[in-house]
Amino acid sequence: MSHEAHEPETPHLDFKGTTPYEDYVRADVLTHLQHTLSDDPGEMVFLVTTQVMELWFTVIVHEWETAAQALRRDDVPAAVDALRRSRRELEALNASWRPLAGLTPAQFNSYRSALGEGSGFQSAMYRRMEFLLGDKSASMLVPHRGAPRVHAELEKALHEPSLYDEVLRFLARRGHPVPRAVLERDVSRKYEPSREVEEIWASVYAGDERDEVARLGEALTDVAELVWRWRNDHLVATRRAMGSKTGTGGSAGVAWLEKRAQKSVFPELWTARSYV
């Protein structure tokens, strides 16, 4: 009997072209998208973190659009599954702030000029996230007029029902008294809270918490909470890095982020709890 150690079998390594992994993931493309504009070593972290955020925005938009499509089919389980997946993805997105959370003003200033007029509020994919949440504004298409494909996608999203619009239409089909003014509103405009919708959610939560509508409400609330945490983490990171100075791209910086952090996503889901 041989006592020689046997090497494990070597996996197949010889491919005629690129590897199947590369063909699927496109890692070579992803890892060559970083082009820093300063000599500061910290800029690479900032750039990669921002790119990672954009990828998470893309996944989350996909999940919320999947949830909206499922609700149009009255398929609540599929909608809740998509919302729950997005909850985990939002947690990963929020964790993206950690590499930037400790930036000092001096560290940020060392490469801030590389951003020029660039600002996070110019992110088209993040804007699609906000549109799906019901926070719509036609003026937010203006920065993208020079990019026809991006502008067309945003314009389409502006005029489509938001995720919350689909939720309310579903509730109406289930027999809940959603006001006609809510159902027939101009979906290209920002959603405004409704007392009648608040009463519907209060009645849902006063009933059987195992009901699928109640489970849908909780899945939406999980999403809303994590979006709120994203906004607050953004606020804290920005305040730490630049104080109350004007933001990049001429934005109001911290002052604008403070206003955003005060706004609730799916507002009636929060206010209804006071009446249960």
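Any idea what the dipole of the stretch 1-117 comes to, in debye rounded to 20, about its Cα centre with Lys/Arg Cβ at +1 and Asp/Glu Cβ at -1? List each step's numbers first, then the result.
Working: 10 positive and 19 negative charges, 121 e Å.
About 580 debye.
Residue separation times 0.36 nm, minus the C-alpha to C-alpha distance between residue 209 and residue 142: what's the value? Could the numbers behind the result be given before it?
Details: separation 67, 0.36 × 67 = 24.12 nm, distance 4.34 nm.
Extra length from residue 209 to residue 142 when fully extended: 19.8 nm.
What length, rounded to one decimal in nm, is gained on full extension from residue 190 through to residue 44, with 0.36 nm per residue of separation minus their alpha-carbon distance?
Numbers: separation 146, 0.36 × 146 = 52.56 nm, distance 3.62 nm.
Taking 0.36 nm per residue and subtracting the Cα distance, the gain is 48.9 nm.
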Please identify, among 138, 147, 82, the residue showing maximal mean-square fluctuation in a Gaussian network model of the chain using a 10 angstrom Cα cutoff.
147
Taking a ≥ b ≥ c as the square roots of the eigenvalues of the Cα gyration tensor, with a/c under 1.5 meaning rounded and otherwise prolate when a/b exceeds b/c and oblate if not, the stretch 128-270 is oblate
In bins 5 Å wide, starting from 0, what share of all Cα pairs of the stretch 105-168 does each bin hold, as a percent?
4, 16, 24, 18, 12, 10, 9, 5, 3, 0
Can you give me the span-like helices of the chain, meaning DSSP H runs with 20 Å or more of Cα extent along the axis and Kyte-Doolittle mean at or above 0.0?
42-72
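Using the crude model of +1 on Lys and Arg Cβ and -1 on Asp and Glu Cβ, and no other charge, please compute the dipole size for the stretch 82-198 relative to its Cα centre, in debye to 20. Provide the component values of the computation, followed by the final result.
On the way: 20 positive and 15 negative charges, 56 e Å.
So the dipole magnitude of the stretch 82-198 works out to roughly 260 debye.
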If I compute Rg/Rh (Cα atoms, Kirkwood Rh) from the structure I just sent, which labelled value in (1) 0.97; (2) 1.06; (3) 0.95 lines up?
(2)
Centre separation in Å (Cα based) which lies between the stretch 69-115 and the stretch 180-204:
26 Å
Taking the chain as a Gaussian network, where each spring joins two C-alpha atoms under 10 Å apart, which residue of 235, 37, 83 fluctuates the most?
37
With the dipole of the chain worked out from charges on the C-beta (+1 for Lys and Arg, -1 for Asp and Glu) around the Cα centre, which of 131, 234, 257 lies farthest toward the positive end?
257
So how strong a dipole does the stretch 175-261 carry about its Cα centre when Lys and Arg Cβ are +1 and Asp and Glu Cβ are -1, to the nearest 20 debye?
820 debye
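FYI, it's all coordinate maths here, none of it is from the lab. All of these numbers come straight from a predicted model, not from anything done at the bench. All Cβ positions, even for glycine, are placed from backbone atoms using ideal geometry, and neighbour counts span all protein chains on display.
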